[in-house]
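The values are calculated or read from the model by the stated rules, or taken from the named source; none is laboratory data. Keep in mind that what you see is a predicted model, and the values were worked out from it rather than measured. Glycine also receives a Cβ, built like all others from the backbone with ideal geometry; neighbour counts cover every protein chain displayed.
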Amino acid sequence: MFKKWRSRWRLGALLPLMIWLMTGCSQENLSTLIPAGPVAREQLWLMKFSLGVMLIVFVVVIAVFFYVLVKYRKRKGQTGIPEQVEGNHTLEIIWTVIPFIMLFVLAIPTIMYTFKFEKVYSASEAIQVKVTGHQFWWEFEYPQYGFTTGQDLYIPKGKQIQFELTSKDVIHSFWVPAIGGKRDNNPGLINKMTLLAEKEGVFKGKCAELCGPSHALMDFKVIVLDENDFNTWSQKMRAKPEPMDLSPLAAKGKELFTKNSCISCHAVGGNGGVLGPNLTNFADREMVASIRKNTTENVKAWIKDPNSIKPGNTMFKGYSPYPNFSDDDLDALAAYLESLHVYKK
Ligand code: HEC
Ligand SMILES: [Cu+2]
């Protein structure tokens, strides 16, 4: 008996650990429970409402269960089986009608909000952003402004953003928990979604559709600026800046960047390919490839062996053998990339 209780207590001790782990997921910038925009807030309301309805059902069912358990327990001196009842019209009608009503109560707000979230804004009402998912990075094109960014989505606070979601390869899903979501990026199809951010700050986004070996590493950032800052940033991006006054090391890096066909996949300013993220504002990013802190060491490690950081990613895909960069080359490439500032200094 004692042993049994001891093992139960031990299990009980796991509870605080579980709570700690689960609340670890409620970081402010990655939580549906701390909304930073109307869509996320209304979705949170729906979650709470459904949970409330389900809680009522749960409490009533459990109460009836215990009531029956106690009332119809076997009493002392009782022999034989109790009276058997078959069919009861009143009861059957009650337990059919109540769930029916419950489903209506759940369905009405859910359908109303679903249609509300489907509203599509015209180009004059909203900022348009085309979001393309790639294994395993995000491309954000701003057709009204004429530029593209990778990994980091910049938007102004308080403005409606109209997204067009698609994919270059497999199905991905665009999700910014604190602002709203989520919706699939399907190859060959365009899905629309509208969001608005009310708070300035940096919010985390995730791919929410299993899309390959590095699916869990397919993060992005949503950077919400006040409107003036956004205008400054977008004007700078629109000018497609190339870095000026490079240090000798960075200038060597630029040369290597062109020579090693980095530029055939990555655009900087007005030049370059589109198979990899646009690097015009790479030095403004908090992360390298969305998952490592943007430090010189990590940039070098990424260029040297991207597959060890993000398995299955497509950098240098089809290039065989993989270029073997010396430490000096890596220093130069990193110095060049770290000079690609647009916004932060
Ligand atoms: C075949 C196309 C291709 C070539 C060539 C290529 N890259 Fe990439 N690169 C990519 C792709 C695709 C990614 C995104 C990987 C991911 O996050 O899944 C990437 C990511 C990066 C990143 C991280 C970008 C970010 O937004 O965080 C850097 C830095 C980078 N590449 C530098 C280079 C350098 C330097 C070279 C040349 C030595 C190079 N790349 C050559 C395709 C390429
Ligand atoms: Cu994905």
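Residue-by-condition table, conditions (1) within 15 Å of ligand 1 (Cβ to nearest atom); (2) surrounded by 22 or more Cβ atoms within 10 Å (Cβ to Cβ):
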| site | (1), (2) |
| --- | --- |
| Leu153 | yes, yes |
| Leu165 | no, yes |
| Leu195 | no, yes |
| Ser214 | yes, no |
| Gly253 | yes, yes |
(Q) Exactly one condition in (1) in contact with a helix residue (DSSP H, G or I) (Cβ under 9 Å, 6 or more places away or on another chain); (2) more than 13 Å from ligand 1 (Cβ to nearest atom) is false for Ile303; which is it? (A) (2)
Q: Report whether or not Thr148 is within 16 Å of ligand 2 (Cβ to nearest atom) and either on the phi > 0 side of the Ramachandran plot or hydroxyl-bearing (Ser, Thr, Tyr) (or both).
A: no
Q: Looking for whichever is under 26 Å from Lys168 (Cα atoms), assigned to a helix (DSSP H, G or I) and either modelled with pLDDT under 95 or assigned by TED's automatic domain parsing to the domain that holds Lys168 (or both) here; the options are Ser290, Ser320, Ser308. Which one fits?
A: Ser308
Q. Quick check, is Lys182 surrounded by fewer than 21 Cβ atoms within 10 Å (Cβ to Cβ), modelled with pLDDT under 95 and charged (D, E, K, R)?
A. yes
Q.
Given (1) touching a Pro at 6+ places or on another chain (Cβ under 8 Å); (2) more than 20 Å from Asp219 (Cβ to Cβ), identify the lone condition not met by Ile263.
A. (1)
**Q.** Complete set of residues in the stretch 233-245 that are touching a residue at least 60 places away in the same chain (Cβ under 8 Å) and of a type outside the set (Phe, Trp, Tyr)
**A.** Ser234, Lys236, Met237, Arg238, Lys240, Pro241, Pro243
Q: Just name the residue that is nearest to Ser290 (Cα to Cα) out of those in the stretch 307-337 that are under 30 Å from the mean Cα position of the chain (by Cα) and of a type in the set (D, E, K, R).
A: Lys310
Q: Report the residue count in the stretch 281-290 for those that are closer than 22 Å to Gln135 by Cβ and more than 7 Å from ligand 1 (Cβ to nearest atom).
A: 1
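Rundown of residues vs (1) within 16 Å of ligand 1 (Cβ to nearest atom); (2) over 30 Å from Val64 (Cβ atoms), yes/no style:
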site	(1), (2)
Pro109	no, no
Ala123	no, yes
His134	yes, yes
Tyr142	no, yes
Gly146	no, yes
Q: Show the residue pairs that are 6+ apart or on different chains and have beta-carbon atoms under 8 Å apart, the first residue being within the stretch 313-328 and without any contact (Cβ under 8 Å) to a residue 40 or more places away in the chain and within 6 Å of ligand 1 (Cβ to nearest atom), the second being in a loop (DSSP other than H, G, I, E, B) and aromatic (Phe, Trp, Tyr).
A: Phe316/Tyr322
Q: Mind counting the residues in the stretch 192-218 that are more than 14 Å from ligand 2 (Cβ to nearest atom) and not small (Gly, Ala, Ser)?
A: 11
Q: Pull up the stretch 246-287, narrow it to residues that are in a loop (DSSP other than H, G, I, E, B) and without any contact (Cβ under 8 Å) to a residue 12 or more places away in the chain, then point me to the one that is nearest to His341 (Cα to Cα).
A: Gly272
Q: Scan the stretch 131-157 residue by residue and report those that are touching a Leu at 6+ places or on another chain (Cβ under 9 Å) and closer than 21 Å to Tyr343 by Cβ.
A: Val131, Trp138, Phe140, Gly150, Tyr154, Ile155, Pro156, Lys157
Q: Scan the stretch 134-161 residue by residue and report those that are out of contact with any helix residue (DSSP H, G or I) (no Cβ under 8 Å at 6 or more places or on another chain) and closer than 21 Å to Glu209 by Cβ.
A: His134, Gln135, Trp137, Trp138, Glu139, Phe140, Glu141, Gly150, Gln151, Leu153, Ile161
